Amino acid sequence: MSRRRDPLYERNVFINCPFDEEYTPIFEAIVFTIQTCGFRPTCARSRVNSSDVRLHKIIEIIASCRYSIHDLSRTELDRTSALPRFNMPLELGIDLGCRAYGSNQKGKSFLIFDRDRFRFQTYVSDIAGQDVADHGDDPNRAIARVRDWLRTESRRTDIPGARAMQLKYESFRKELPAVCQRFDLDIGTLTFADFVFAVGISLAPLVTPAELS
């Protein structure tokens, strides 16, 4: 039996990435770009129901998204355990399987990131042949890569250019403290939902909180 497609499937973008503090500047730049392009970002942090089995939750989110960003740049040895972090390659594999075998998932599109374009060949060579983009740990480069991918894959003509989007992001970062103050949010502990809300406010200042929920 095929899974019923999410009604927002064509707008949903799954982000498979690390959630450590070091990666936060890249993650927030990606989320901002997705929303500015008119799409809907989602990730494992979009659902925090403790009754959900984590892997089942991730599979459901992946199946609800036409677009996915998979960042393999933190696939490296953990400083404490000395073991590699393989959550991101695992979720990429799930998404590849979803596209290959899901009856209503054939139109899926992926953006695969790494720190440089060829590093993946040393630890996950089975995806050789996939186009891998690099962001070099630079938020502005990540913005450009995500923008160009969504513009190309969606064929939408109303998406601003990369430089315009980078300038919008600079303005957003300056506005964020005032947005947080306005809605009594702690800028140091923003949840994923809080950050998405703040981006929405900055993109549409006249929209009320109720309209964004």
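Computed from the coordinates by the stated procedures, all read-outs in this text should not be read as laboratory data. Note that the coordinates shown come from a computational prediction; the quantities given were computed from them, not determined experimentally. As a convention, Cβ positions derive from the backbone with ideal geometry for all residues, glycine included, and neighbour counts pool all protein chains shown.
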_the stretch 3-78: trypsin sites (Lys or Arg not before Pro) in DSSP loop, at most 10 other beta carbons within 10 Å_ = 4
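For the pair residue 104 and residue 20, what calculated FRET efficiency results from E = 1/(1 + (r/R0)^6), where r is the Cβ-Cβ distance and R0 = 35 Å, to the nearest 0.05?
Values: r = 34 Å, r/R0 = 0.97.
That pair, residue 20 with residue 104, gives E of 0.55.
Placing +1 at every Lys and Arg Cβ and -1 at every Asp and Glu Cβ, with all other atoms neutral, what dipole size does the stretch 21-81 have around its Cα centre, in debye to the nearest 20?
Charge dipole of the stretch 21-81: 280 debye, to the nearest 20.
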*Residues of type aspartates and glutamates that residue 174 reaches as a straight line, Cα spacing below 16 Å, ignoring anything fewer than 8 places off in the same chain*: 28, 186
*Extension gain residue 148-residue 85, at 0.36 nm per residue separation less the Cα-Cα distance, in nm?*
19.9 nm
*What residues qualify as long-range amide H neighbours of residue 85, i.e. H under 5 Å apart, gap of 5 or more or another chain, H built at 1.01 Å from N?*
76, 78
